[in-house]
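Peer 1: I have a structure I would like to understand better, so I am pasting it below and will then ask my questions one at a time.
The values are calculated or read from the model by the stated rules, or taken from the named source; none is laboratory data. In this text, all values refer to a predicted model and were calculated from it rather than measured experimentally. Don't worry about glycine lacking a Cβ; one is built from the backbone with ideal geometry, like all the others, and counts go over all protein chains shown.
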Amino acid sequence: MPRTRITLAIALALLATPALSACGGSSSSASDAKEVTVYSADGLKGEKGDGWYDKVFADFTKQTGIKVKYVEGGSGEIVQRAVREKSNPQADVLVTLPPFIQQAGAKGLLEKYEPKDAGRVSGADKATDGTWTSVVDNYFGFVYNKKELTQAPKTWDELLDAKYKNKLQYSTPGVAGDGTAVLIKAMHDFGGKDQALAYLKKLQANNVGPSASTGKLAPKVDKGELLVANGDVQMNYAQSKTMPGLGIWFPADKNGKRTTFALPYAAGLVTKAPHTENGKKLLDFMLAQKQQQEVSEIGGGFAARQDVKATDANAIALTKLMDGVDFFEPDWNDINKNLTSYVEDWKSATGS
């Protein structure tokens with residue numbers, strides 16, 4: 001299973017966002033208000049107002065008169081914020097990546113609601129209990145600097161080379177969705193948690209340090225401040241339009257196969273949202289045919305609807321990029337159940 005991803009820190013988003021309704025439920029005045037608040041992982045909003053969110057939100061407001069208030073942060077950050085506000089919800093729609101969307105569901109943050117066209121989304125891309133549905137599909141990947149490196153790295157072990165010292169960075173597992181994905185892919189590629197942690201411990205010698213946001217890393221790679229960083233296909237492909245130094249690659253597993261896995265942008269209606277009906281309307285709108293057709297053309301991602309077959313230039317380039325890459329499906333139930341311990345083990349192994 002997709003996310004230019006230049007983000008605001010969640011603290012800045014908090015400061016920048018106007019005060020929201022103080023009611024925790026759907027009072028008549030709140031539900032009648034012409035607004036809807038979205039808490040989202042970064043990646044779908046363009047740096048220059050040219051992202052998929054920018055187009056979708058503008059079209060939604062034009063069609064319905066409902067203004068979209070937007071708060072952005074790392075996948076884990078926005079769920080943590082929603083948890084803190086659980087007794088007095090401020091968001092109407094929550095959009096984040098696995099395993100954080102599962103985590104949000106387990107914490108009772110999401111109300112059951114299946115958008116109008118949810119039936120056209122693959123069963124693997126939506127919750128069995130109807131609490132969330134993917135709106136943009138995406139895949140995990142890495143980026144490298146095409147100007148400094150004559151070709152993309154091929155294996156994880158190449159990243160241990162001294163030339164990557166202080167030239168490599170990945171976002172923080174447990175905080176950033178793509179950072180958590182680094183740990184998930186390493187566990188898969190190396191054949192288990194212990195093997196993955198042993199590798200990441202060695203990699204720490206080259207790692208610049210923690211980053212709450214994956215979106216901040218690609219510009220550093222483009223400028224040559226970093227040679228390699230983690231990311232995801234949708235976000236990095238969209239960024240590459242204005243960052244010509246970016247190249248996307250997928251580390252090979254122990255058998256020499258390049259691998260990746262789906263990281264969809266999954267959306268759900270917040271429990272006791274202040275503007276529940278407006279949240280439902282926005283979820284319906286994001287899954288509508290026209291908006292899904294624009295996922296690749298505008299957002300550089302993959303449509304969540306199975307019946308949307310994009311043929312634009314971006315869709316063709318993305319298909320070519322993914323050619324020859326093997327896909328695996330993580331055990332999201334296991335990851336959701338053990339995420340805290342996995343992250344703690346990663347901290348212990350890396351000294352982070």
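Peer 1: Between a first residue in the stretch 232-250 that is over 17 Å from Asp323 (Cβ atoms) and a second residue that is acidic (Asp, Glu) and buried (at least 20 other Cβ atoms within 10 Å of the Cβ), which pairs have beta carbons less than 6 Å apart while being 6 or more apart in sequence or on different chains?
Peer 2: Listed by first residue and then by second, the contacts come to Asp232/Asp178; Met243/Asp222; Gly245/Asp222; Leu246/Asp222.
Peer 1: Take residues that are over 14 Å from the mean Cα position of the chain (by Cα) and tell me which of the strands (runs of 3 or more DSSP E) falling wholly in the stretch 82-184 contain 3 or more.
Peer 2: Of the strands (runs of 3 or more DSSP E) lying wholly inside the stretch 82-184, those with at least 3 residues that are over 14 Å from the mean Cα position of the chain (by Cα) span 140-145.
Peer 1: Applying the selection to the stretch 211-229, what residues are within 18 Å of the chain's Cα centre (by Cα) and buried (at least 24 other Cβ atoms within 10 Å of the Cβ)?
Peer 2: Selection gives Ser213, Thr214, Gly215, Leu217, Ala218, Ala229.
Peer 1: Does Gln234 satisfy being more than 21 Å from Leu149 (Cα to Cα) and in contact with a Phe, Trp or Tyr (Cβ under 8 Å, 6 or more places away or on another chain)?
Peer 2: Judged against the criteria, Gln234 is a match.
Peer 1: Write out, first by first residue and then by second, each pair whose Cβ atoms fall under 6 Å of each other, whose residues are 6+ apart or on separate chains, and whose first residue, in the stretch 163-183, is in the same structural domain as Asn236 (by TED's automatic domain parsing) while the second is among the acidic types (Asp, Glu).
Peer 2: As it stands, the answer is Ser171/Asp178; Asp178/Asp232, since those pairs meet every condition given.
Peer 1: Condition first: within 30 Å of Glu35 (Cβ to Cβ) and assigned to a loop (DSSP other than H, G, I, E, B). Now tell me which residues in the stretch 231-275 satisfy that.
Peer 2: Once the filter is applied, which keeps residues that are within 30 Å of Glu35 (Cβ to Cβ) and assigned to a loop (DSSP other than H, G, I, E, B), the stretch 231-275 yields Leu263, Pro264, Thr271, Lys272, Ala273, Pro274, His275.
Peer 1: To continue, here is another question. Quick check: is even one residue across the stretch 50-73 surrounded by fewer than 15 Cβ atoms within 10 Å (Cβ to Cβ), within 20 Å of the chain's Cα centre (by Cα) and assigned by TED's automatic domain parsing to the domain that holds Glu111?
Peer 2: no
Peer 1: Working carefully through the options Lys86, Lys112, find the one that is exposed (fewer than 14 other Cβ atoms within 10 Å of the Cβ), out of contact with any helix residue (DSSP H, G or I) (no Cβ under 6 Å at 6 or more places or on another chain) and outside the structural domain of Leu246 (by TED's automatic domain parsing).
Peer 2: Being exposed (fewer than 14 other Cβ atoms within 10 Å of the Cβ), out of contact with any helix residue (DSSP H, G or I) (no Cβ under 6 Å at 6 or more places or on another chain) and outside the structural domain of Leu246 (by TED's automatic domain parsing) holds for just one of Lys86, Lys112, which is Lys112.
Peer 1: Given the criterion under 22 Å from Lys45 (Cβ atoms) and either crowded, with 19+ Cβ neighbours inside 10 Å or of a type outside the set (Asp, Glu) (or both), identify the matching residue among Pro264, Pro251.
Peer 2: Pro264
Peer 1: Further question: Pick from Val228, Val221: which is among the aliphatic types (A, V, I, L, M) and more than 23 Å from Gly191 (Cβ to Cβ)?
Peer 2: Values: Val228 fails: more than 23 Å from Gly191 (Cβ to Cβ).
On inspection, the qualifying residue turns out to be Val221.
Peer 1: May I ask you to list the residues in the stretch 115-146 that are acidic (Asp, Glu), out of contact with any Pro (no Cβ under 8 Å at 6 or more places or on another chain) and closer than 15 Å to Ile101 by Cα?
Peer 2: Asp129
Peer 1: Would you say Val228 is farther than 21 Å from Val38 by Cβ and of a type in the set (A, V, I, L, M, F, W, C)? Steps first, answer last, please.
Peer 2: On the way: farther than 21 Å from Val38 by Cβ: yes; of a type in the set (A, V, I, L, M, F, W, C): yes.
So Val228 fits the description; yes.
Peer 1: Among the residues of the stretch 309-317, are any among the hydroxyl-bearing types (Ser, Thr, Tyr), farther than 24 Å from Phe57 by Cβ and not assigned by TED's automatic domain parsing to the domain that holds Asn236?
Peer 2: Let us first name the residues in the stretch 309-317 that are among the hydroxyl-bearing types (Ser, Thr, Tyr), namely 311.
Imposing the further condition that a residue be farther than 24 Å from Phe57 by Cβ reduces the set to 311.
Within this subset, residues satisfying the condition of being not assigned by TED's automatic domain parsing to the domain that holds Asn236 are 311.
Yes, the stretch 309-317 contains a residue that is among the hydroxyl-bearing types (Ser, Thr, Tyr), farther than 24 Å from Phe57 by Cβ and not assigned by TED's automatic domain parsing to the domain that holds Asn236.
Peer 1: What number of residues within the stretch 318-346 satisfy the criterion of being part of a helix (DSSP H, G or I) and loosely packed, with under 14 Cβ neighbours inside 10 Å?
Peer 2: Step one: list which residues in the stretch 318-346 are part of a helix (DSSP H, G or I), which gives 318-322, 332-346.
When the remaining residues are screened for being loosely packed, with under 14 Cβ neighbours inside 10 Å, the result is 319-320, 333-334, 340-341, 344.
Number satisfying all stated conditions: 7.
Peer 1: From (1) at pLDDT 95 or above; (2) under 18 Å from the mean Cα position of the chain (by Cα); (3) of a type in the set (Val, Ile, Thr), pick out the condition that doesn't hold for Val208.
Peer 2: Condition not satisfied by Val208: (2).
Peer 1: Give the residues of the stretch 186-227 that are more than 21 Å from Gly301 (Cα to Cα), aliphatic (A, V, I, L, M) and in contact with a strand residue (DSSP E or B) (Cβ under 6 Å, 6 or more places away or on another chain), sorted by residue number.
Peer 2: At the first step, the residues of the stretch 186-227 found to be more than 21 Å from Gly301 (Cα to Cα) are 186-212, 220, 223-227.
Subsequent filtering for residues that are aliphatic (A, V, I, L, M) retains 186-187, 196-198, 200, 203, 205, 208, 212, 226-227.
Of everything in the stretch 186-227, those that are more than 21 Å from Gly301 (Cα to Cα), aliphatic (A, V, I, L, M) and in contact with a strand residue (DSSP E or B) (Cβ under 6 Å, 6 or more places away or on another chain) turn out to be Val208, Leu226, Leu227.
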